[in-house]
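Sharing a structure below in structure tokens format, with a few things to ask.
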Amino acid sequence: MSIKIAVMTMKGGQAKTTLAINLASRIAKARREVLLIDSDIQANVTTTFKRDHHCNLANVILGRVSNFEFIELERHLSFFPSGGEAMVEASSYLSQTRFKDALFKNLLSSINHKIVIIDTAPSWSDVSRNILMYVDYVIVPVVTDYLGFSGCDQIMSYIDEFKESKLGQCKAEVLGIAITRSQPRTNLSQTITEGLRERWSNLLFKRVIEESVSIQEAPAFQQNIFDYRKGRTRGAEMYDQLCREIMRRIIQRQKDSL
Ligand SMILES: Nc1ncnc2c1ncn2[C@@H]1O[C@H](COP(=O)(O)OP(=O)(O)OP(=O)(O)O)[C@@H](O)[C@H]1O
Ligand SMILES: [Mg+2]
């Protein structure tokens, strides 16, 4: 059985894609079979790795392909592209279908990678709701500025409201909140970090990802942070610690649920 994780927040630019790519790569380096799914019309994972395929999420939702074919990015890491603009049509199809609650989940039910990680769009739509009905966990990334905090607050409320509304069967739990871009020397960043700690003490991951040139550069070289400059960067060190913390928390949650 797969463990499915969405990296999600409605706010743009919170490093969803950066976290999804690096988490998937780090888990693959631990020799677990990982599938990275892009569900964003912007198709930023495709842009990063310059790899695309007709067999993509949009075409699966629209019934244009029946068998899954994945792109192998590296050993143990497969990738399933979004289809870019075709996600607009796929999204409206998901909104119209009578069986929308189960559709996405059913379509992806034959995926059996150990871990599935979904990069999401900066929006709240039927695609987001379908993803929430498919995944086990959500990781919320946040940049330590005022709008980042407010975006975090928003998505946490939306997830809670969606679960309470019982509009669809949603068992997704927030696994944690990850600070993905912090400037620890500024007062604003410190204040927002403190606010996040006070508000979500149990959920906030301890390892904070600071602003880093290597994290920004790696996608320009079609690389994850662990391969970029052979992983000898501060960015790789910080992401390694965050990913380990995330993996430990997944194991703990799995144990707790037994
Ligand atoms: N710690 C960091 N230090 C410096 N730059 C970073 C860091 N994390 C992410 N970035 C850069 O910030 C930008 C936004 O990151 P990313 O694309 O991952 O965000 P996103 O939440 O996926 O955005 P969108 O909402 O558009 O999908 C990218 O240029 C990325 O390289
Ligand atoms: Mg993105």
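Just so you know, all these numbers are worked out from the coordinates, no wet-lab data involved. Please read these numbers as outputs of a predicted model, since none were measured by experiment. All Cβ positions, glycine included, derive from the backbone under ideal geometry; neighbour counts span all protein chains shown.
Rounded to the nearest 500 deg cm²/dmol, what is the calculated helix-only ellipticity per residue at 222 nm for the chain, with -39500 (n - 2.57) per DSSP H run of length n ≥ 4?
Per the formula, -13500 deg cm²/dmol.
Over the chain, what is the relative contact order in whole percent, taking alpha-carbon pairs under 8 Å and six or more residues apart?
About 24 percent, as a whole number.
Greater than 29 Å separation of Cα atoms is the criterion. Which listed pairs, Lys11/Lys163; Lys50/Lys163; Lys11/Lys255; Lys11/Lys206, meet it?
Lys50/Lys163; Lys11/Lys255
Would you please calculate the Kirkwood hydrodynamic radius of the stretch 176-218 over all C-alpha pairs and express it in Å, rounded to one decimal?
Across the stretch 176-218, the inverse of the average 1/r is 11.0 Å.
Can you work out D for the stretch 107-258 in µm² s⁻¹ from Stokes-Einstein, where Rh is the Kirkwood radius over C-alpha pairs, the temperature is 10 °C and the viscosity is 1.306 mPa s?
It diffuses with D of about 93 µm²/s by this estimate.
How big is the antiparallel share of DSSP beta bridges in the chain, given as a percent to the nearest 5?
Bridges in the chain are about 10 percent antiparallel.
Related question: Please state the relative contact order of the stretch 118-258 as a whole percent: Cα pairs under 8 Å, 6+ residues apart?
For the stretch 118-258, the relative contact order is 21 percent.
Continuing with the same structure: What order, most packed first, do the peptides 208-216, 31-39 have when packing is the mean number of other Cβ atoms within 10 Å of each residue?
Going from most to least packed, we get 31-39, 208-216.
For the chain, evaluate the Debye formula with one uniform point scatterer on each Cα (no solvent term) and list log10 I(q)/I(0) at q = 0.07, 0.10, 0.15 Å⁻¹, rounded to two decimals.
Ignoring solvent entirely, the Cα scatterers give -0.22, -0.46, -1.08.
Need one number: the % of Cα-Cα pairs in the stretch 17-103 sitting beyond the 20 Å mark.
36
Any chance you could run the full-extension gain for Asp160 through Leu62? It's 0.36 nm times the residue separation minus the Cα-Cα distance, nm to one decimal.
32.4 nm
Additional query: Based only on other Cβ atoms within 10 Å, what is the fewest-to-most ordering of Val143, Val7?
Listed from fewest to most nearby Cβ atoms, that is Val143, Val7.
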